[in-house]
Amino acid sequence: MARGDRRVQGLARVAVVVRAGAALMWWFGVLAAGVGVLPPGITGRRIGVMAGAVLFIVAAAVVSYTRRRRYTALARGAARAGKHDVLQDRAVTTRNWRRAHRWWLVLALVLALAGSFAVPAAGGMLLAGAGTGLRLKAAWLGRRERTDDVLLWIRVDWLDKRHGAPAGKPVKGYRSTGIAAGDATPGGGRAAVATSSPKPATPPGPPRSSSAGGGPSPGWPGWRPGPGRGRGRCRRAP
């Protein structure tokens, strides 16, 4: 990657792009498996659940280990991000991916529910396994980021038209920043925001009197004029 490119470039976290659909795929899969276990199906519930368990493990393993060599090669050649690069928020990256894939996720949910009439719960467990695989891949990237003490970023214009594929062919390299950059932790998780409790305000003391005798001024609670003409002498109420 050329370091002399001074155009403003938007950067998205690689791990955030990877895990953007993990939560929705997991919950859609759980929903489809829970509803899909109700009909007996063609194979029966027992065989359907056992087949679903196998599909869950296979899907998680395949999704988690796919293209790891490509990620590793891009991470090794990561160039340092420059002052002209703009870091995209975690919420924006996730929202862009989900908006572009929302109908694909709905279609996957419908297919998982429909497949339950043949093999109960299998389709939902397959979908949940794919979501688990994405989460495992993001966790692997997070461990690598902690080891190298950097965060990996990708130019948003190198993502595909659905804001995904952070290791696709158009990607020529990653960029790196310090571990504290952005609003996401290594692995793409939401960074905890430290909140400090405000110090209690100290109540103001009684204002000083402008008279020679001192004490609280007229109008302060507890003030009463002393004997005589009421000037220069005062006392507090009992």
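The values are calculated or read from the model by the stated rules, or taken from the named source; none is laboratory data. Model, not experiment: these values are computed from the prediction. Here the Cβ positions follow ideal geometry from the backbone for every residue, glycine too, while neighbour counts run over all protein chains shown. For the accessible areas, the whole protein counts, side chains as well, though only heavy atoms, and no ligand, DNA or RNA atoms are used. Shrake-Rupley method; radii C 1.70, N 1.55, O 1.52, S 1.80 Å.
Structure values in brief
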item: Filter result for Ala75 (in contact with a Leu (Cβ under 7 Å, 6 or more places away or on another chain), closer than 25 Å to Leu111 by Cα, open to solvent by less than 20 Å² (accessible area, probe 1.4 Å) and hydrophobic (A, V, I, L, M, F, W, C)); result: no
item: Tabulated pairs, region 150-177, first over 15 Å from Ala75 (Cβ atoms), second open to solvent by 20 Å² or more (accessible area, probe 1.4 Å) and among the polar types (S, T, N, Q), C-beta under 8 angstrom, 6+ apart or interchain; result: Val156/Gln88; His163/Asn96
item: Every pair of residues 6+ apart whose Cβ atoms lie under 9 Å, when the first sits in region 107-123 and is among the polar types (S, T, N, Q) while the second is exposed (fewer than 14 other Cβ atoms within 10 Å of the Cβ); result: Ser116/Leu38
item: Condition met for Gly41 (part of a loop (DSSP other than H, G, I, E, B) and among the small types (Gly, Ala, Ser)); result: yes
item: Set Arg95, Arg162, Arg99: member being basic (Lys, Arg), in contact with a His (Cβ under 7 Å, 6 or more places away or on another chain) and under 24 Å from Gln9 (Cα atoms); result: Arg162
item: Some residue of region 115-124 being on the phi < 0 side of the Ramachandran plot, modelled with pLDDT of 95 or more and open to solvent by 40 Å² or more (accessible area, probe 1.4 Å); result: no
item: Candidate set: region 39-72, residues that are of a type in the set (S, T, N, Q) and over 8 Å from Pro120 (Cα atoms); chosen: the one most open to solvent (accessible area, probe 1.4 Å); result: Thr66
item: Verdict on Trp153 being more than 14 Å from Phe28 (Cβ to Cβ), aromatic (Phe, Trp, Tyr) and open to solvent by 20 Å² or more (accessible area, probe 1.4 Å); result: no
item: Identity of the residue in region 1-38, surrounded by 15 or more Cβ atoms within 10 Å (Cβ to Cβ) and in a loop (DSSP other than H, G, I, E, B), that ends up modelled with the lowest pLDDT; result: Val37
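One line per residue, one yes/no per condition, for (1) modelled with pLDDT of 90 or more; (2) farther than 17 Å from Arg68 by Cβ:
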site: Leu136; (1), (2): yes, no
site: Gly142; (1), (2): yes, no
site: Ala165; (1), (2): yes, no
site: Ser176; (1), (2): yes, yes
site: Pro200; (1), (2): no, yes
site: Gly230; (1), (2): no, yes
